[in-house]
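Every number here is computed from the coordinates shown, using simple stated rules; none is lab data. Please read these numbers as outputs of a predicted model, since none were measured by experiment. With ideal geometry, Cβ positions are generated from the backbone for all residues, glycine too; neighbour counts draw on all protein chains shown.
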């Protein structure tokens, strides 16, 4: 019988047990020219559903079960641009719930196939309205038949940001041995940034918190919101950020390609977040910057930017 290495978990009772405890990955090839700055990525694609959204989806579903709001006869319903929907669908399949999702029709074919593979029902919404159109649709569906649905409402549910307050932030602090000086994350629902940021500031009051969003309302950064022109999530608190950085779609695409060439196959929002982190890193010295890499690149393989030259 082979020896068991201490600290390695060999079995899990449920797919939910695999959520969280993701590693930090050093971005050494992007540190060239910086002044004693360490860049680390939180590898959220290592979650079982492939993204950072597994954390809040699990929290909101389990909160619903504990409160009695989610029962076996109800359908889990929400608006999503993909990753939270995939997490809902995965957890719903594991726990025996029907899942119905409002999704902009222009999300990648890979995301649509993953949702269907988990058995989710998809209600497509106007691609020109983006995630806001999906939000308006799901609100109308829920209002028409509230007894049919359990509506977590990821954009307004405190369980979203609390999942990161309770797990993502303590993980980062422990993994950096308390040395983290800057935290960088993009704004979609804003749960990752708000929850992680609030807890990190409690753990280390001197830490700088930097949010990232598209620099234009017309952008290709799926999952991120241009807050000035979008429906602002109820959980979003702009006061958490010490600085907010706008990044272009083109820069995010270029860095996503560069990350793949460096061996990290991640999604477009990861490239956007790295763009923000590099803006900070180039004017800093003696810093430890942690940036969230939200998901993997396999959900974006059909995107044309992979074939473009930077």
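Laid out as a table, the results:
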read-out: nm² value of the averaged projected area, convex hull over the Cα atoms of the chain; value: 17.0
read-out: Cα pair distances in the range 187-310, grouped into 10 Å bins until the bin that holds the longest one, percent each; value: 13, 44, 34, 10, 0
read-out: Crossing angle, helix 191-203 versus the chain [Cα axis fit, 0-90 degrees, rounded to tens]; value: 50
read-out: Antiparallel content of DSSP bridges confined to the chain, in %, to 5; value: 15
read-out: FRET E, pair residue 121, residue 307, Förster distance 41 Å, beta-carbon r, rounded to 0.05; value: 0.80
read-out: Estimated FRET transfer efficiency (residue 145, residue 239; beta-carbon r; R0 30 Å; 0.05); value: 0.25
read-out: Fully extended contour minus Cα-Cα distance, from residue 265 to residue 12, at 0.36 nm per residue; value: 88.4 nm
read-out: Estimated distance in nm for a label pair at residue 156 and residue 136, the labels positioned 7 Å out from Cα along Cα-to-Cβ; value: 1.6
read-out: Computed [θ] at 222 nm, helices only, for the chain once each DSSP H run of length n ≥ 4 contributes -39500 (n - 2.57); value: -10500 deg cm²/dmol
read-out: Residue with peak Gaussian network fluctuation, the chain [Cα springs, cutoff 10 Å], from 261, 279, 13; value: 13
read-out: Computed lengthening from residue 93 to residue 66, 0.36 nm per intervening residue step minus Cα-Cα distance; value: 7.9 nm
read-out: Rounded tilt (10° steps) of 249-261 against the dominant C-alpha axis of the chain; value: 70
read-out: Length added when fully stretched, residue 203-residue 129, from 0.36 nm per residue minus Cα-Cα; value: 22.7 nm
read-out: Cα-based helix-to-principal-axis angle, 130-144 vs the chain, degrees rounded to 10; value: 30
read-out: Where labels lie 7 Å past Cα in the beta-carbon direction, separation of residue 106 and residue 177 in nm; value: 4.8
read-out: Of 116, 32, 208, the one that fluctuates the most in a GNM where the chain has Cα springs shorter than 10 Å; value: 32
read-out: Modelled FRET efficiency - R0 35 Å, residue 28 with residue 218, Cβ distances, 0.05 increments; value: 0.50
read-out: For the range 133-173 and the range 263-310, distance of Cα centres in Å; value: 26
read-out: Area projected by the alpha carbon convex hull of the range 54-150, averaged over all directions, nm²; value: 5.6
read-out: Rg/Rg_globular for the range 49-101, with Rg_globular taken as 2.2 N^0.38 Å and Rg from C-alpha atoms; value: 1.02
